[in-house]
There are 2 protein chains.
Amino acid sequence: MYTEIKIVLVNTTHSGNIGAVARAMKNMGMTDLVLVDPKSFPSEEASVRAAGADDVLSNAMRVSTLKEAIKDCELVFATSARARHIPWPIMDPREMAAVVGEVKKADSAKKVAIVFGREDRGLTNDELHLCQHHVCIPSVEAFSSLNIGSAVQVIAYELRMGFLAQAGQLQCPQWGTKWDVPLATQDQLDLLFAHFEQTVLKTGFLDPDKPRQLMTRIRRLIMRALPDSIEVNILRGILTSVDKSIKLKSQLKKEVGE
Amino acid sequence: MYTEIKIVLVNTTHSGNIGAVARAMKNMGMTDLVLVDPKSFPSEEASVRAAGADDVLSNAMRVSTLKEAIKDCELVFATSARARHIPWPIMDPREMAAVVGEVKKADSAKKVAIVFGREDRGLTNDELHLCQHHVCIPSVEAFSSLNIGSAVQVIAYELRMGFLAQAGQLQCPQWGTKWDVPLATQDQLDLLFAHFEQTVLKTGFLDPDKPRQLMTRIRRLIMRALPDSIEVNILRGILTSVDKSIKLKSQLKKEVGE
């Protein structure tokens with residue numbers, strides 16, 4: 001994960017929230033927490049909610065003003081839910097992550113801060129004006145205020161998604177899932193479909209005079225699932241067991257003279 | 001926001017977390033919460049943490065098995081932090097939102113469920129196998145377990161980002177920010193730069209014999225900020241006040257016979 005990105009919490013009231021923030025940060029690989037004049041910290045409640053992110057809490061820096069917290073930063077984002085008297089350019093979290101990604105790609109040592117306000121009132125206008133950019137999580141207007149731990153989680157998640165994409169580590173869905181068994185080869189699949197066709201001919205389900213789209217549909221269904229070689233072997237095994245049962249039945253029929 | 005998307009919580013232990021989930025859902029415009037055999041609900045703690053999302057809590061459906069919760073759904077995602085014995089195709093939350101978006105675009109009435117497991121152990125393998133897709137929030141491996149409220153927040157945020165993008169309502173950063181004053185016209189900007197040049201000639205800062213890149217740099221700086229017409233008027237006013245002060249000074253000089 002990127003280094004030199006601070007999460008700055010201004011005047012947090014509930015210490016449990018500081019713990020939740022530490023956990024959210026550590027989940028996403030972030031470590032630098034700065035507390036601007038917290039109401040009560042350290043606290044038991046913070047440690048409980050940190051749920052194992054005690055290292056983030058114990059390494060947290062404590063300062064008395066926002067100015068002090070961000071003075072060495074080259075890129076400062078304020079999070080804000082509401083529109084203000086004088087509008088400021090607003091980004092959504094994804095755009096913020098893109099900007100951070102570009103800056104970090106050019107120089108990973110550049111210092112970044114993301115600032116979160118009080119639980120009840122957010123940041124003051126003076127505090128917002130200290131920050132270059134405002135980031136807004138696109139909540140619904142009628143119920144816009146996120147829990148501060150949840151807000152940090154969303155921001156940290158976007159930063160991590162950006163980081164993983166840049167590092168080429170964003171796992172490609174499905175196709176990239178690490179699989180325990182090699183995928184079936186086209187040859188294995190063709191043998192499976194041939195076997196399948198023979199068996200449903202024997203059971204009478206496939207009428208050779210009216211084959212309709214049966215084999216095409218079966219082929220499409222199975223291939224859509226990208227079967228691995230064990231799965232193909234299992235299906236072949238099932239078909240073989242059906243073949244044997246049919247054979248057995250016809251032998252029995254012969255024996256009882258039907 | 002999309003309708004017909006359920007958030008399903010299985011065997012949640014801490015009722016406060018149910019409240020946090022309700023808040024995260026309402027923040028992102030989601031309303032359908034299903035509780036599978038919760039340990040204690042309703043509860044005071046849930047209402048406190050819901051912070052105003054009491055409607056989501058009071059409308060929550062309560063069922064005794066996961067099967068019952070998802071029986072009418074056409075698309076079911078399980079959230080999962082860990083890799084399992086038998087791998088299952090994994091998506092990240094953004095890919096999940098893209099799939100939901102495609103399904104909803106084709107038919108907004110299609111029912112979707114996103115399933116979250118217990119705080120300490122997640123979902124059992126049997127529960128995971130009831131779900132078509134597994135969604136994994138890309139946390140760091142050494143500290144992978146998110147708070148359930150935070151996990152729902154990330155998923156709901158991705159669904160909302162997908163919804164807003166589809167609805168063409170994703171505010172374009174900066175350029176799309178609702179501004180209180182019209183942007184300056186090119187004509188206003190040109191007059192500003194001409195005025196600026198005259199003034200810095202008078203102050204002596206701009207040497208007409210060695211202009212270097214001064215006016216280009218000033219132009220680039222100001223235009224990068226996309227000034228509005230009030231801001232341009234303010235800058236013109238400042239230049240005029242400088243002009244007057246210079247004039248005053250030279251008159252004074254004349255009067256004292258310098």
Output the qualifying pairs, or none if there are none: Cβ atoms under 8 angstrom, residues six or more apart or on different chains, first residue in segment A:212-231 and surrounded by 13 or more Cβ atoms within 10 Å (Cβ to Cβ), second residue among the hydroxyl-bearing types (Ser, Thr, Tyr). A:229/A:185
Residue B:107 is checked against (1) acidic (Asp, Glu); (2) within 22 Å of residue B:64 (Cα to Cα); (3) without any contact (Cβ under 8 Å) to a residue 12 or more places away in the chain and fails just one. What number does that condition carry? (2)
Selection status of residue B:26, within 21 Å of residue B:154 (Cβ to Cβ) and charged (D, E, K, R): yes
Would segment A:110-121 turn up any residue that is among the hydrophobic types (A, V, I, L, M, F, W, C) and open to solvent by 40 Å² or more (accessible area, probe 1.4 Å)? no
Which condition from (1) away from every other protein chain (no Cβ under 14 Å); (2) within 23 Å of the chain's Cα centre (by Cα) is the one that residue B:94 breaks? (1)
Where residue B:217 falls short, out of the listed (1) assigned to a helix (DSSP H, G or I); (2) touching a helix residue (DSSP H, G or I) at 6+ places or on another chain (Cβ under 9 Å): (2)
Taking residue B:146 and the conditions (1) away from every other protein chain (no Cβ under 11 Å); (2) touching a residue at least 24 places away in the same chain (Cβ under 8 Å), which numbered condition does it fall short on, given that it satisfies the others? (1)
If a residue must be in contact with a helix residue (DSSP H, G or I) (Cβ under 7 Å, 6 or more places away or on another chain) and either under 19 Å from residue A:152 (Cα atoms) or facing chain A (nearest Cβ under 7 Å) (or both), how many such residues does segment B:116-139 contain? 3
Which of the residues belonging to segment B:81-109 are in a loop (DSSP other than H, G, I, E, B), open to solvent by 70 Å² or more (accessible area, probe 1.4 Å) and modelled with pLDDT of 90 or more? B:108
Residue under evaluation residue A:206, criteria (1) in a loop (DSSP other than H, G, I, E, B); (2) aliphatic (A, V, I, L, M); (3) within 14 Å of another protein chain (Cβ to nearest Cβ), criterion not met: (3)
Only one of these is assigned by TED's automatic domain parsing to the domain that holds residue B:100 and either surrounded by 11 or more Cβ atoms within 10 Å (Cβ to Cβ) or part of a helix (DSSP H, G or I) (or both): B:237, B:162. Name it. B:162
Within segment A:12-29, is even one residue surrounded by fewer than 20 Cβ atoms within 10 Å (Cβ to Cβ), away from every other protein chain (no Cβ under 14 Å) and hydroxyl-bearing (Ser, Thr, Tyr)? no
Residue B:246 - would you say it is surrounded by fewer than 16 Cβ atoms within 10 Å (Cβ to Cβ), over 30 Å from residue A:92 (Cα atoms), modelled with pLDDT of 95 or more and of a type outside the set (D, E, K, R)? no
Reported set for segment A:189-208 where residues are touching a helix residue (DSSP H, G or I) at 6+ places or on another chain (Cβ under 8 Å) and open to solvent by less than 80 Å² (accessible area, probe 1.4 Å) is A:189, A:192, A:193, A:195, A:196, A:197, A:199, A:200, A:203, A:206
Exactly one of these conditions fails for residue B:156: (1) within 11 Å of chain A (Cβ to nearest Cβ); (2) farther than 30 Å from residue B:217 by Cβ; (3) open to solvent by less than 60 Å² (accessible area, probe 1.4 Å); (4) in a loop (DSSP other than H, G, I, E, B). Give me its number. (4)
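The values are calculated or read from the model by the stated rules, or taken from the named source; none is laboratory data. Because the structure is a prediction, the values reported are computed rather than measured. Glycine also receives a Cβ, built like all others from the backbone with ideal geometry; neighbour counts cover every protein chain displayed. Please note that ligands, DNA and RNA were not included when accessible areas were found on the heavy atoms of the full protein model with its side chains. Shrake-Rupley method; radii C 1.70, N 1.55, O 1.52, S 1.80 Å.
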